[in-house]
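To keep things clear, I will list the structure first and then write my remarks on it.
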Amino acid sequence: MYLPKDNYSQKKKFKFIFIYELHCPKEKGFTKIMVGVRESGKFLQYCITEQ
């Protein structure tokens, strides 16, 4: 868990107060899941990437 970056998309546009970042190792690289938490306490935004 960490505070959102001080940029337009994470802090101003989505109004996140903190972000969870989870990593799942694979044979080659990893999968990353990011979940943003808004001021209301709702988990509304997520992103899944494979690297």
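The values are calculated or read from the model by the stated rules, or taken from the named source; none is laboratory data. Values in this document were obtained by computation on a predicted structure and should not be read as measured data. With ideal geometry, Cβ positions are generated from the backbone for all residues, glycine too; neighbour counts draw on all protein chains shown. Remember, those area values only see protein heavy atoms, side chains included, never the ligands or the DNA or RNA. Shrake-Rupley method; radii C 1.70, N 1.55, O 1.52, S 1.80 Å.
Applying the criterion of being at pLDDT 75 or above and outside any strand (DSSP E or B) to the residues of the range 27-50, the residue that is most open to solvent (accessible area, probe 1.4 Å) is Glu27. Here is the figure for the range 5-26: residues that are surrounded by 15 or more Cβ atoms within 10 Å (Cβ to Cβ), modelled with pLDDT of 75 or more and either of a type in the set (A, V, I, L, M) or in contact with a Phe, Trp or Tyr (Cβ under 9 Å, 6 or more places away or on another chain) (or both) total 1. Residue pairs whose Cβ atoms lie under 9 Å apart, separated by 6 or more positions or on different chains, with the first residue in the range 6-29 and closer than 14 Å to Cys47 by Cβ and the second among the basic types (Lys, Arg) and at pLDDT below 85, are Phe14/Arg38; Phe16/Arg38; Ile19/Lys5.
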